[in-house]
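Below is one structure; the comments refer to it alone.
The values are calculated or read from the model by the stated rules, or taken from the named source; none is laboratory data. Keep in mind the model is a prediction, meaning the values are calculated, not measured. Positions of Cβ are backbone-derived with ideal geometry, glycine not excepted, and every protein chain shown enters the neighbour counts. We work out accessible area using only protein heavy atoms, side chains counted, and drop any ligands, DNA or RNA first. Shrake-Rupley method; radii C 1.70, N 1.55, O 1.52, S 1.80 Å.
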Amino acid sequence: MSDSDEFEYESDDDPYGGAEEEDGDEEAIQIENTFYEADDNKQNFPEQALEQFQRVVTLEATRGSEVVWRFKALQNIVILCARIGRFDEMATRYRELLSYMDQVTRNDASEAINTVLDSVSSASDLAKLETIYELTLDALKATANQRLWFSTSVKLAKLHLEMGDVQKLQRLVKALHRTCQKADGTDDVSKGSHLLEVYALEIQMCTLTKNSIRMKEIYPKTINLTSAIADPRNIAVIRESGGKMFMSEKKWEAAYNEFFEAFKNYQETGNASRAKIMLKYVVLANMLALSSINPFDSREAKVYQDDPEISAMASLRSAYEQNDIGTIDQLLTNPSYRILSDAFIRTYLQDLLRNIRLQVLQNLIKPYRCVSLDFLAKEINVTSEEVVSLLVQLILDEKIAARIDGIEGFLQVSSGGGEKAKQFAGLQKWVDSFERIHNGLHGKLNQMQHG
């Protein structure tokens, strides 16, 4: 090749349109550069990043049907709109994103939808968040992506639960359950993990609607799904609900076991705030069950022992063991410990206080054979009527052997209590029987002597 030929090849007079191709490449490079600039800015300068992502959408739209950068940019626009509170724009842009689903691969579409849904799930506008989920489900009707439909439906069901919309929740739970059933309507245990998700939702719905009958039907089914590769998040919810069910039935020991399982599963998922709440419920149920087991001896619970609220619960249990009712009152009424800020704990406060007072009262009367009812009421800070109610329970539970003299206002205590009282009563019956036999024989001997 001559120098002149080489010169012609490198000259601007390209007969094959190289200049136009180069211009086109520059445009593509500009789109790509703008996208990455926006990606760099989205963390610290969201408004600026939003404008840059929009520029990507506009620039690529002028190039025709290509949606490579446009799809990614719209995904980021939706997430940024949710983050800065532009919820109307978020919904509009999400519709636009979904319209391109059939122009990208199934994996890209699924990844984009999951990323958006995970990112916007904390949005404060629940109505707009509901719109996002419903738009997704509408877009998925035309696809065969059952897994994505199920996961999105579960997210929407949880939102209905949070909003307290029982009718929508019921409809969606039924639809979800149908996907986990065989043709004959029975549960398909091969879909155990999905079934657990559905039952976890339904159990929470039962808690919301106070449907204890349905709860009792569902709960054993969840425990029997042992073959499922269970998500600890669902197990935690189910166990927590089971604990609350048993608490409502005053089955304290069963509630304690359920709450402890919920606590461990919440801890496993890294949900420290929920795990801490469960640990409070563990202590509550433990005290109501009058259990000698200290939950704070467990390795899992020791992780939280320095937390002020958990430390207060530990002190409460310690005071309960020592029958220190004064300290118990102080711990419950101190707002900094936030023990009574939990509505669930408040529900069982009277049961807890009654149990504690029963323990204190039982120990209080031990040294006495006769003690004033007014004195007992003053010592445990209750009315005379309430102290009588507590004493009646102790007598019926055979914790003490005593008789209440309501007229004179005294409690007459028999020697010994509980098991000793039973032994004494049995021995007394034996002595009485022996005396009757002895007296009968003595009478017959006298008759024979005088006959």
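I'd like the full set of residues that are open to solvent by 40 Å² or more (accessible area, probe 1.4 Å), among the small types (Gly, Ala, Ser) and either part of a loop (DSSP other than H, G, I, E, B) or farther than 15 Å from LEU279 by Cα (or both), limited to region 289-315.
SER292
Can you name every residue in region 316-346 that is part of a helix (DSSP H, G or I), open to solvent by 50 Å² or more (accessible area, probe 1.4 Å) and closer than 23 Å to ALA272 by Cα?
PRO335, SER336, TYR337, ALA343, ARG346
Within region 406-413, identify whether any single residue is over 27 Å from SER318 (Cβ atoms), modelled with pLDDT under 65, surrounded by 15 or more Cβ atoms within 10 Å (Cβ to Cβ) and under 49 Å from the mean Cα position of the chain (by Cα), and answer yes or no.
The answer is no, given that none of the residues of region 406-413 is over 27 Å from SER318 (Cβ atoms), modelled with pLDDT under 65, surrounded by 15 or more Cβ atoms within 10 Å (Cβ to Cβ) and under 49 Å from the mean Cα position of the chain (by Cα).
For region 100-107, check the following and say yes or no: at least one residue is in contact with a helix residue (DSSP H, G or I) (Cβ under 7 Å, 6 or more places away or on another chain), part of a helix (DSSP H, G or I), surrounded by 14 or more Cβ atoms within 10 Å (Cβ to Cβ) and not hydrophobic (A, V, I, L, M, F, W, C).
No, because not a single residue in region 100-107 is in contact with a helix residue (DSSP H, G or I) (Cβ under 7 Å, 6 or more places away or on another chain), part of a helix (DSSP H, G or I), surrounded by 14 or more Cβ atoms within 10 Å (Cβ to Cβ) and not hydrophobic (A, V, I, L, M, F, W, C).
Suppose the filter is over 24 Å from VAL387 (Cβ atoms), of a type in the set (Lys, Arg) and within 27 Å of the chain's Cα centre (by Cα); does ARG346 pass it?
Taking the combined requirement at face value, the residue does not satisfy it.
Taking into account only those residues within region 149-190 that are touching a residue at least 40 places away in the same chain (Cβ under 8 Å) and assigned to a helix (DSSP H, G or I), which is farthest from LYS210 (Cα to Cα)?
Per the criteria, the residue is PHE150.
Can you name every one of the helices (runs of 4 or more DSSP H) wholly within region 1-82 that holds 1 or more residues which are over 24 Å from ASP108 (Cα atoms) and modelled with pLDDT of 90 or more?
Counting at least 1 such residues, we get 46-61.
Quick check on my filter: what residues within region 252-288 are within 25 Å of LEU331 (Cα to Cα), of a type in the set (D, E, K, R) and open to solvent by 40 Å² or more (accessible area, probe 1.4 Å)?
Those that are within 25 Å of LEU331 (Cα to Cα), of a type in the set (D, E, K, R) and open to solvent by 40 Å² or more (accessible area, probe 1.4 Å): GLU253, ARG274, LYS276.
Would you mind stating whether ASP351 is charged (D, E, K, R), closer than 27 Å to GLU249 by Cα, modelled with pLDDT under 85 and out of contact with any Asp or Glu (no Cβ under 9 Å at 6 or more places or on another chain)?
Against the criterion (charged (D, E, K, R), closer than 27 Å to GLU249 by Cα, modelled with pLDDT under 85 and out of contact with any Asp or Glu (no Cβ under 9 Å at 6 or more places or on another chain)), ASP351 does not qualify.
Where in region 194-280 are the helices (runs of 4 or more DSSP H), entirely inside, with at least 2 residues that are in contact with a Cys (Cβ under 8 Å, 6 or more places away or on another chain)?
Output list reads 212-224.
Please state which of the following conditions GLN350 fails to meet, knowing it meets all the rest: (1) part of a loop (DSSP other than H, G, I, E, B); (2) open to solvent by 80 Å² or more (accessible area, probe 1.4 Å).
(1)
Among the listed residues ASN446, ASN363, ASN381, which satisfies the condition of being assigned to a helix (DSSP H, G or I), open to solvent by 50 Å² or more (accessible area, probe 1.4 Å), modelled with pLDDT under 90 and within 30 Å of THR327 (Cα to Cα)?
Within the list ASN446, ASN363, ASN381, the selection yields ASN363.
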